[in-house]
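Read through the structure below, which is laid out as structure tokens, and then see the notes.
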Amino acid sequence: MQSLVFVTMAVSFPSLKPPSCEKLGDNSIYCPPASTAQVGFFYFALYLMALGAGGIKSNVSAFAGDQFDKTDAVESRRKISFLNWWLVSISFGTMLSVSLFVYVEENVGWSWGYGAATFVTSIASLLFFAGTPSYRHLTPAGSPLTRVAQVIVAAIRKWHMTLPAGHLDIGFNLYEPEGVSFSHKSRLPHTDEFA
């Protein structure tokens with residue numbers, strides 16, 4: 001949200017944007033260039049926006065999915081429906097931003113276009129934070145990088161091994177750590193599909 005505020009400031013405050021273009025005597029137009037500080041502030045705001053979008057996009061849908069209990073049949077069905085509506089709302093928001101806000105920026109003013117986007121984002125952020133006490137917060141079950149590293153090390157160590165006869169028996173010669181808490185209290189069943 002701060003990045004939208006900064007971009008709105010960059011297109012609104014005279015000290016943060018270049019001077020207006022002038023029409024010269026020979027009917028040519030001269031547009032003075034922006035100062036280094038003005039360009040730097042604008043790019044800082046844009047890069048901050050990209051950093052924020054990249055940080056939230058990968059987490060928001062997973063956090064939303066955590067709000068549904070997969071062991072409850074009703075909530076499990078609602079989770080599937082929720083993800084469909086999630087995609088529809090993201091698509092609608094994109095359509096709104098590239099049509100209505102762009103129209104406002106081009107026909108009313110850049111300050112109004114970015115100001116409207118900042119206002120909508122502020123309202124959405126307030127609604128999100130207001131609901132914080134009612135959200136389900138799942139505790140992390142360790143670092144995912146540790147699990148990835150364990151798989152890579154095990155694959156390298158056991159590169160030339162062959163599966164013994166009877167390997168489909170539950171737990172036979174398969175690595176199933178004891179006492180490890182899984183985040184969703186379930187294990188994936190063994191499969192030969194990728195063997």
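Structure notes:
- When restricted to residues that are among the hydroxyl-bearing types (S, T, Y), farther than 18 Å from N84 by Cβ and assigned to a helix (DSSP H, G or I), the range 56-74 contains 1.
- So V104, is it surrounded by 14 or more Cβ atoms within 10 Å (Cβ to Cβ) and more than 16 Å from the chain's Cα centre (by Cα): yes
- Any hit, the range 113-123, residues being free of Cβ contacts under 8 Å to residues at least 12 places away in the same chain, within 26 Å of V11 (Cβ to Cβ) and surrounded by 12 or more Cβ atoms within 10 Å (Cβ to Cβ): yes
- Check on T94, surrounded by 13 or more Cβ atoms within 10 Å (Cβ to Cβ) and under 28 Å from L16 (Cα atoms): no
Read-outs throughout are calculated quantities, based only on the coordinates presented, and are distinct from any laboratory measurement. All values reported here derive from a predicted model rather than from experimental measurement. Cβ atoms come from the backbone with ideal geometry, glycine included; neighbour counts cover every protein chain shown.
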